[in-house]
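Structure record follows, encoded as structure tokens.
The values are calculated or read from the model by the stated rules, or taken from the named source; none is laboratory data. No experiment lies behind these values; they were computed from the predicted model shown. Cβ placement follows ideal geometry from the backbone for every residue including glycine, while neighbour counts extend to all protein chains displayed.
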Amino acid sequence: MPRKRIISVRKMREVLRLSYLGFSQRKIASSCKLARSTVGDYQARAKAIGIDWLSVEKLSDQELFSRFRPASKPVAQKHEPDYQQLHQDSQRKGVTLYLLWEEYSNQYSENFYSYSQFCRRYRNWRNQQRLSMPQQHNAGEKVFVDYAGMTIPIYKRGTDEVMFEAQIFVGALGLSSYTFAEATKSQDLESWLGSHCRMFCFFGGVPEIIVPDNLKSGVTKACYYEPDINPSYHALAEHYDTCVIPTRVRKPKDKPKAESAVQVVERRILARLRDQRFYCLAELNKTISVLLTELNTRETKRFPNARLAVFEQLERPALKPLPSQPFTYALEKEATVNIDYHICFERHHYSVPYELVSKRVQLRVSDKTVEILHHSQRVALHLRSSEHWGYTTCTEHMPPSHKAMREKWTPERFISWARKFGPHTADMTQRILNSRLHTQQAYRSVLGLLRLEKTYGAERLEAACERALILGFERRKNVLNILQSKQDMLSLPEQVQKRQPLFHGNIRGNTYYQ
């Protein structure tokens, strides 16, 4: 028999978070794409086991899943309602879907659909009939966001070269249609989240629900039942105490306000800029801001009250207040801890506690920090580094044996060992140690350099290091290449002479500018 589907841990946390914020079961079900009965079941289980959103934050994913597993219910063959008759009855005054479901359940005392399944199947049937129902909007409840299809070219100053096509972000509130628009360089995640932050500042508050389309910057995986909201987008919603309810795929009627706002912005703003040239985003956004003010204060025969007037009177008082600090964008991704207890991000290595070797961890990267989490718990925090192939290592992340090795091997000991083979070998050792931000990162290279003496002898190693120093090399591999190609056996003056610069009358010399 089919078993009841178990929702993900992320959705468990989201159900408890939205319950803590006071959202109704219907809104929580819409945001998480769950049945209302499922939301109620998980709320009841949370109450039964005595946990809420504040206590859930301290639990790992495994602990929450083990304590919060919903009970499965067998599904039997159900009697199908007469949807055509249901639709006709639902149009009559005072008749609700719940009343029709009660009559249906009484007619079939066994094997009847639950109320949520009854409503879902009826909605699916109704959508197939191509019926359209006007949406009702409450003050401060929803903001609809999307990108316009039209773009504005940004030119390279003084030329006809187009550097990029500026994308136009549009947001409109549900009740007043008060509109925000701005140009961004692209539709990437950072631009998407930044436009939301600037939109909330433009409104002076935050609505209860954000209704986006299923673009990749907002929804990682589009699905009617369980859409995967981008983790960074979800973090923005948490920061502003709101929730994200994406529309269905290829269902523009789910966001008529966004479609209408995009059309108005294209006709009243972008069309007016068709013959103008812009050389930077700041210049374009300044022009859009002027035309946007005109759009929001414009009165028409169809809308005698301007958008701004309705917004000031009804929507602004209903919006949630802005947080004290704006949202800071942080890139989120997953990585596997390497055998050297480091993870690599943008060609730089950051240490993780050695117990997590080969485990999957989550990275939350801002412009200044790299935060590493395991099962939603922070395990490491590093300053972000731009050094390619460098290492940022915390001593407490190292296993005991590595800590002991770190105390045993020191730069002074390596240099003292190298002096036994000659001064040039010692200088090459010092150069390799200085080439790393942390000298411990060069220990392997130094060990490899000094162990070449066992294969080629101390005399050849000294000669090879001398030539490597003259050529400006600072890697053990360069010394090995000299030994393998027997360049260390060439006479030194001949090799030095080949690298001497040419001198003639056209070269001014370093004293010319003094």
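Could you please find all residues in segment 439-454 being within 15 Å of Asn481 (Cα to Cα) and touching a residue at least 12 places away in the same chain (Cβ under 8 Å)?
Here is the first cut: in segment 439-454, the ones within 15 Å of Asn481 (Cα to Cα) are 445, 448-453.
Residues satisfying the conditions are Ser445, Gly448, Leu449, Leu450, Leu452, Glu453.
Yes or no, residue by residue, for (1) assigned to a loop (DSSP other than H, G, I, E, B); (2) under 30 Å from Ser55 (Cβ atoms); (3) in contact with an Asp or Glu (Cβ under 9 Å, 6 or more places away or on another chain):
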{"site": "Val370", "(1), (2), (3)": "no, yes, no"}
{"site": "Thr429", "(1), (2), (3)": "no, no, no"}
{"site": "Tyr443", "(1), (2), (3)": "no, no, no"}
{"site": "Glu474", "(1), (2), (3)": "yes, no, no"}
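Which residue out of Lys368, Lys359 is under 40 Å from the mean Cα position of the chain (by Cα), closer than 27 Å to Ser232 by Cβ and surrounded by fewer than 13 Cβ atoms within 10 Å (Cβ to Cβ)?
Working: Lys359 fails: surrounded by fewer than 13 Cβ atoms within 10 Å (Cβ to Cβ).
Selected residue: Lys368, the only one of Lys368, Lys359 that is under 40 Å from the mean Cα position of the chain (by Cα), closer than 27 Å to Ser232 by Cβ and surrounded by fewer than 13 Cβ atoms within 10 Å (Cβ to Cβ).
Take the residues in segment 23-56 that are outside any helix (DSSP H, G or I) and not basic (Lys, Arg), then tell me which one is nearest to the chain's Cα centre (by Cα). It would help to see each step written out before you state the result.
Kept after step one, since they are outside any helix (DSSP H, G or I), are these residues of segment 23-56: 23-24, 33-35, 50-52.
Now drop any that are not not basic (Lys, Arg), which leaves 23-24, 34-35, 50-52.
Working: Phe23: 25, Ser24: 28, Leu34: 24, Ala35: 27, Gly50: 32, Ile51: 29, Asp52: 26 Å.
It comes out as Leu34.
Take the conditions at pLDDT below 90 and surrounded by fewer than 16 Cβ atoms within 10 Å (Cβ to Cβ) and apply them to Arg307. Does it pass?
Numbers: at pLDDT below 90: yes; surrounded by fewer than 16 Cβ atoms within 10 Å (Cβ to Cβ): no.
Spelling it out, it is not the case that Arg307 is at pLDDT below 90 and surrounded by fewer than 16 Cβ atoms within 10 Å (Cβ to Cβ).
Take the residues in segment 68-117 that are of a type in the set (Gly, Ala, Ser) and either more than 30 Å from Gly50 (Cα to Cα) or in a helix (DSSP H, G or I) (or both); name whichever of them is modelled with the highest pLDDT. It would help to see each step written out before you state the result.
Pass one, segment 68-117, residues of a type in the set (Gly, Ala, Ser): 71-72, 76, 90, 94, 105, 109, 114, 116.
Still in the running and either more than 30 Å from Gly50 (Cα to Cα) or in a helix (DSSP H, G or I) (or both): 76, 90, 94, 105, 109, 116.
Values: Ala76: 60, Ser90: 81, Gly94: 80, Ser105: 87, Ser109: 76, Ser116: 91.
Ranking the qualifying residues of segment 68-117, first place goes to Ser116.
If you take the residues in segment 175-219 that are among the hydroxyl-bearing types (Ser, Thr, Tyr) and part of a loop (DSSP other than H, G, I, E, B), which one is nearest to Ala330 (Cα to Cα)?
So the residue we want is Ser217.
Report those helices (runs of 4 or more DSSP H) wholly inside segment 253-343 carrying at least 3 residues which are within 20 Å of Ile154 (Cβ to Cβ).
Details: elements: 256-265, 281-296, 307-310.
Output list reads 281-296.
Between a residue in segment 302-325 that is among the polar types (S, T, N, Q) and any residue that is at pLDDT below 85 and assigned to a loop (DSSP other than H, G, I, E, B), which pairs come within a Cβ distance under 8 Å, given they are 6 or more apart or on different chains?
Asn305/Glu299
Just to be sure I understand, how many residues within segment 219-234 are at pLDDT 60 or above and not acidic (Asp, Glu)?
Filtering segment 219-234 down to residues at pLDDT 60 or above leaves 219, 228-234.
Okay, now just the ones that are also not acidic (Asp, Glu), so 219, 229-234.
Residues meeting the conditions: 7.
Only one residue in Ala258, Ala237 is crowded, with 16+ Cβ neighbours inside 10 Å, at pLDDT below 85 and in contact with a strand residue (DSSP E or B) (Cβ under 9 Å, 6 or more places away or on another chain). Which one? If you could, list the steps in order and put the result at the bottom.
Working: Ala237 fails: at pLDDT below 85.
Criteria check complete, one pass: Ala258.
Residues Thr439, Thr429, Thr425, Thr393: which one is of a type in the set (S, T, N, Q), in the same structural domain as Ile482 (by TED's automatic domain parsing) and over 30 Å from Met489 (Cα atoms)? Please lay out each step first, then the result.
On the way: Thr429 fails: over 30 Å from Met489 (Cα atoms); Thr425 fails: over 30 Å from Met489 (Cα atoms); Thr393 fails: in the same structural domain as Ile482 (by TED's automatic domain parsing).
Residue meeting the stated conditions: Thr439.
Ser55: surrounded by fewer than 18 Cβ atoms within 10 Å (Cβ to Cβ), small (Gly, Ala, Ser) and touching a residue at least 60 places away in the same chain (Cβ under 8 Å), yes or no?
Working: surrounded by fewer than 18 Cβ atoms within 10 Å (Cβ to Cβ): yes; small (Gly, Ala, Ser): yes; touching a residue at least 60 places away in the same chain (Cβ under 8 Å): no.
For Ser55, the condition - surrounded by fewer than 18 Cβ atoms within 10 Å (Cβ to Cβ), small (Gly, Ala, Ser) and touching a residue at least 60 places away in the same chain (Cβ under 8 Å) - is not met.
Looking at (1) at pLDDT below 85; (2) loosely packed, with under 12 Cβ neighbours inside 10 Å; (3) in a helix (DSSP H, G or I); (4) not acidic (Asp, Glu), which is the only condition Thr455 fails?
(1)
Report, by residue number, each residue of segment 9-22 that is assigned to a loop (DSSP other than H, G, I, E, B) and on the phi < 0 side of the Ramachandran plot. Steps first, answer last, please.
As a first pass, look at segment 9-22 and keep what is assigned to a loop (DSSP other than H, G, I, E, B): 21-22.
Result: Leu21, single match.
Among all residue pairs at least 6 apart or on different chains, which show Cβ distances below 7 Å where the first residue, located in segment 388-402, is closer than 15 Å to His349 by Cβ and the second is assigned to a strand (DSSP E or B) and aromatic (Phe, Trp, Tyr)?
Thr392/Tyr350
Out of all the residues in segment 330-378, which are of a type in the set (Val, Ile, Thr) and free of Cβ contacts under 8 Å to residues at least 24 places away in the same chain? Please lay out each step first, then the result.
Here is the first cut: in segment 330-378, the ones of a type in the set (Val, Ile, Thr) are 336-337, 339, 343, 352, 357, 361, 365, 369-370, 372.
Within segment 330-378, Ile339, Val357, Thr369 meet the criteria.
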